[in-house]
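Student: Here's a structure for you.
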């Protein structure tokens, strides 16, 4: 199987992180791997990065080849539908792609270096680490920042944030004014991990887009009062379709336990209370962070479990073998997109104020 990996965005973060992992496909018997060519006619499988897929070009130059898109973008529905398959980074994007292409393989995006847990020690200043896009640093406001400020009342904290400062600008440190939190911003590069991760104590992975507190946030979304047994205490979560757990694997390889917002992909990797914690509210975040901050032993135990769990379930070797099996098993017929449109017309705003759905079901079954 001759595989071509290609994109014009060679230095883009997703390309830079994915290429070394996909290059290891050549370790599998019968697989040859080439990068950044455009002679589609010489390959059996062409893998495009989501930045610039050219599925039509493959169809024209080599109709017998399979075209796949790695890390697709939500704006490219047409390209996703035209491709033979897509390689997504998490459950959220898998669910979005299901409407456009049923041939989906989930391959978490993360830079691989080793699976070697650090030894956690008691320290005067606790180093809480972040790795990812600047946007997720911004989404820490207000809930995660409030939790960190509260934690700073009992612990000295350094928040060490690794992201692309050169491209995106620096995160605003004034958000931590009047708190015992020191913000250290570190420019992301492919070689930054060995220097900055080994002395981190806790990793954080904020992923949710902040919404107002329940009562204010739920009001405009609840026109069907009591139809679904709504209540002001309901949990309203909002995240992007490209949310994923890739940032967890960076910490996992060093055995650093992680606290994360509870989005679907995070819940798939982090087993709450075993290898990390999931939280949504400021209080939930503070509880999780404080438990880890208070106990070197808990950090060690959870960090080692996170490392072992991720190595077992998401190693690059295992992912690549599964990917080749997936490609070999594909039907050569073009996939057909689904177009399922739920019908909301049977539910009218306000009509359920008279009787809740559960009451009507009960009366029907009794009658």
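Readers should treat all values here as calculations from the given coordinates under stated rules, not as data from a laboratory. None of these values were measured; they are calculated from a predicted model. Cβ: placed from backbone, ideal geometry, glycine included. Neighbour counts: every protein chain shown.
Student: Write down, largest first, the equivalent ellipsoid semi-axes of the range 83-223 in whole Å, where each equals the square root of 5 times an eigenvalue of the alpha-carbon gyration tensor. Can you show the working numbers first?
Tutor: Working: eigenvalues 181, 121, 39 Å².
In descending order the semi-axes read 30, 25, 14 Å.
Student: Please find, in a Gaussian network model of the chain (springs between Cα atoms separated by less than 10 Å), the residue of 268, 341, 138 whose mean-square fluctuation is greatest.
Tutor: 341
Student: Mean shadow of the range 30-95, computed from the convex hull of its alpha carbons, in nm²? Don't jump to the answer; show the numbers that get you there.
Tutor: Numbers: hull surface 19.3 nm².
Reported value for the Cα convex hull: 4.8 nm².
Student: Fewest first, what order do 135, 87, 316, 340 take by the number of other Cβ atoms within 10 Å? Walk me through the numbers before you get to the answer.
Tutor: On the way: 135 12, 87 28, 316 18, 340 6.
Least crowded to most crowded, the residues run 340, 135, 316, 87.
Student: If you scale each eigenvalue of the Cα gyration tensor by 5 and take the root, what three semi-axes come out for the range 1-128, rounded to whole angstrom and sorted largest first? Write down the numbers at each step before the final one.
Tutor: Details: eigenvalues 197, 69, 32 Å².
So the three semi-axes of the range 1-128 are 31, 19, 13 Å.
Student: Still on this structure, please answer the following. Above 16 angstrom, tally the Cα pairs of the range 83-140 and express them as a % of all pairs, no decimals. Show your work: numbers first, answer last.
Tutor: Details: 1108 of 1653 pairs.
Value for the range 83-140 (Cα pairs over 16 Å): 67 percent.
Student: By its C-alpha gyration tensor, with a ≥ b ≥ c as the square roots of the eigenvalues, how is the range 270-332 shaped: rounded for a/c under 1.5, else prolate for a/b larger than b/c, else oblate?
Tutor: Numbers: a/c = 6.20, a/b = 2.35, b/c = 2.64.
Since a/c reaches 1.5 but b/c is at least a/b, the shape of the range 270-332 is classed as oblate.
Student: Going by how many other beta carbons lie within 10 Å of each one, how would you line up 55, 259, 186, fewest first? List each step's numbers first, then the result.
Tutor: Details: 55 20, 259 27, 186 16.
By the 10 Å Cβ count, ascending, the order reads 186, 55, 259.
Student: Using just the helices of the chain, give the 222 nm mean residue ellipticity in deg cm²/dmol: DSSP H runs with n ≥ 4 each add -39,500 (n - 2.57), and the total is spread over all residues, rounded to 500. Spell out each step's value before the answer.
Tutor: Details: 15 runs with 126 residues, N = 367.
Computed mean residue ellipticity for the chain: -9500 deg cm²/dmol.
Student: Go from 0 up to the bin containing the longest alpha carbon distance in the range 245-306, width 5 Å each, and give me the % of pairs per bin.
Tutor: Binned Cα distances yield the sequence 4, 21, 32, 27, 14, 2.
Student: For the chain, build the convex hull from the C-alpha positions and give me its volume per residue in Å³.
Tutor: Here the figure is 174 Å³ per residue.
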